[in-house]
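Structure record follows, encoded as structure tokens.
The values are calculated or read from the model by the stated rules, or taken from the named source; none is laboratory data. Here the structure is a predicted model, which is why all the values come from computation and not from measurement. Methodologically, a virtual Cβ is constructed for each residue, glycine included, from the backbone with ideal geometry; neighbour enumeration extends over all protein chains shown.
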Amino acid sequence: MFLDQRNLVRLALFFFLVFLFTGLLLLLTMPRCGIIPSIPWQFKYAFPRCSMESCFNFSRCDSSPELLVYSYNSPQPIKPTPTYLHNFPSSLWHTSDPQKACLFFYYSDSQANKEAWIKPELSSILPFWNNGLNHVIITFADKWSDSNPPQHSIGMASILGTLLQTTTYRPEFDISIPLPRLNLGAPPRLTSLEPFERKYFLTFKGRRYFSGQGEFRSSVAFKGMHNGVDVIVVTTCKQGTNDKILRQQPWRGAECNKDQTLFESYDYVELLNSTFGLAPAGRSPASYRMLEVLSAGTIPILIGDNYVRPFNTLIQWQDCLLQFPISEIHRILPTLRALPRGDVEARQKYCRQVFDKFLKDDNTLVNSIIQSLKDRFMGTLSNFATQHTK
Ligand SMILES: *[C@@H]1O[C@H](CO)[C@@H](O)[C@H](O)[C@H]1NC(C)=O
Ligand SMILES: *[C@@H]1O[C@H](CO)[C@@H](O)[C@H](O)[C@H]1NC(C)=O
């Protein structure tokens, strides 16, 4: 049978209608699959979709045997503590010549930005912006909105931060980094102590919250783990936002005095003499506790949702720590008590290796950042190939 012109038109019309119909059907069903529950930390972050192949100029990195980075500014942490990047400008990866740079660092945390609530348009303040090509935005903030430009405006820049979320970060493009240690007090002889030679089984000493995602620290499930014998979980209500809430709703502080007395009766460093140490989410899923616990040879137990564990391309975290969703806190003690001894010992061994190799001090942390950045090239640039031995 020949297709004359009229039949052709009919056929075209038919396919057009089929096309229209499927399109309509897709349109109607799609939003339903894409709905994200409105739990606050299952973030509405929306970064431009990017990967090394689609958002990076490899040619910029050819000219030098080392990865060279130009920085627009110096690290300006919002937190009162200096970050481990403060020495970066004097490292061998730093260049003051933007023409030679493979990467451009912009530290977006600044007290000034936060206080003035300025969300600078990066294209207008960074002279080599080029829609973010080869740029890295560095942030230690709890929330993206604390100090960073609007998410959609970051162009092709990648993120090096403590606040990355598994549902929104761009794997092998963005890099999760840890919060620094606030307490540096773990005595070296503690680190070498085997997991079952320790005074406690599981410990935590820290703040609890009345709001935000760290609110679970005020729950019975969390505080109730405390048994006063080998499990010590002690909390304090003292915190700026809590104080504000207490002025409005004094009833929420009912247990604060009792908690405070218990809190003060335990010494932080002594509590690190424990097989396991809790590193729960607080104002963000990242916890200062994580590195503190690791520094003592204690196995971290993370509690948090949607958290991208730091340097996850370098570290096999599942061989070291355990992690529980906020809804599953009741499982922590039964699970830990049931772990075979050999498993706990192997975990501690790997945790200690991880700490020594990637996390132990400022220089090591900077090295891990550089290694993570180089690993993004997946071997494409032979000048930056790094050695991996487990
Ligand atoms: C990529 O980098 C090379 C070398 O610096 C440069 O010549 C080229 O124009 C860059 N391409 C883009 C899209 O910026
Ligand atoms: C840790 O606890 C064990 C068991 O109670 C004790 O023998 C050891 O001296 C403690 N070590 C440190 C460094 O506190």
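Look at the stretch 50-77: where a residue is within 13 Å of ligand 1 (Cβ to nearest atom) and a partner is among the polar types (S, T, N, Q), sitting 6+ places away or on another chain with Cβ atoms under 7 Å, you get F56/N134; N57/N134; F58/T380; R60/N134; L68/T95; Y70/T95.
Filtering the stretch 148-171 to residues that are in contact with a helix residue (DSSP H, G or I) (Cβ under 8 Å, 6 or more places away or on another chain) and closer than 16 Å to Q371 by Cβ leaves only L160.
Note on the stretch 161-217: residues that are away from ligand 2 (no atom under 16 Å from the Cβ) and closer than 21 Å to F276 by Cβ total 11.
Residues of the stretch 168-190 that are modelled with pLDDT of 90 or more, assigned to a loop (DSSP other than H, G, I, E, B) and of a type in the set (S, T, N, Q): T168 alone. Would a scan of the stretch 28-46 turn up a residue that is closer than 30 Å to P150 by Cβ, part of a loop (DSSP other than H, G, I, E, B) and at pLDDT 70 or above? The answer is yes, given that some residue of the stretch 28-46 is closer than 30 Å to P150 by Cβ, part of a loop (DSSP other than H, G, I, E, B) and at pLDDT 70 or above.
Results for (1) more than 30 Å from G155 (Cα to Cα); (2) under 26 Å from the mean Cα position of the chain (by Cα), shown as yes or no for each residue.
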| site | (1), (2) |
| --- | --- |
| T168 | no, yes |
| R181 | yes, yes |
| Y200 | yes, no |
| F204 | yes, yes |
| S211 | yes, yes |
| C237 | yes, yes |
| D243 | yes, no |
| P250 | yes, no |
| G253 | yes, no |
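Would you be able to say whether some residue in the stretch 268-291 is among the basic types (K, R) and surrounded by fewer than 14 Cβ atoms within 10 Å (Cβ to Cβ)? Within the stretch 268-291, none of the residues are among the basic types (K, R) and surrounded by fewer than 14 Cβ atoms within 10 Å (Cβ to Cβ).
Given (1) closer than 25 Å to M290 by Cβ; (2) surrounded by 14 or more Cβ atoms within 10 Å (Cβ to Cβ), where does T241 come up short, assuming only one miss? Against the list (1) closer than 25 Å to M290 by Cβ; (2) surrounded by 14 or more Cβ atoms within 10 Å (Cβ to Cβ), T241 comes up short only on (2).
Residue by residue, here is whether (1) aliphatic (A, V, I, L, M); (2) in contact (Cβ under 8 Å) with a residue 12 or more places away in the chain holds:
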| site | (1), (2) |
| --- | --- |
| G212 | no, yes |
| V220 | yes, no |
| N242 | no, yes |
| T261 | no, no |
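The lone criterion from (1) at pLDDT 85 or above; (2) surrounded by 14 or more Cβ atoms within 10 Å (Cβ to Cβ); (3) assigned to a loop (DSSP other than H, G, I, E, B) left unmet by S54 is number (2).
When L246 is tested against (1) away from ligand 2 (no atom under 16 Å from the Cβ); (2) modelled with pLDDT under 95; (3) crowded, with 20+ Cβ neighbours inside 10 Å, exactly one condition is not met: (3).
Here's the yes/no breakdown for (1) in the same structural domain as P280 (by TED's automatic domain parsing); (2) surrounded by 14 or more Cβ atoms within 10 Å (Cβ to Cβ); (3) among the basic types (K, R):
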| position | (1), (2), (3) |
| --- | --- |
| Q316 | yes, no, no |
| D319 | yes, yes, no |
| F324 | yes, yes, no |
| P334 | yes, no, no |
| K349 | yes, yes, yes |
| S372 | no, yes, no |
| G379 | no, no, no |
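When we screen I125, I118, I78 for residues that are at pLDDT below 85 and over 29 Å from L359 (Cα atoms), the only hit is I118.
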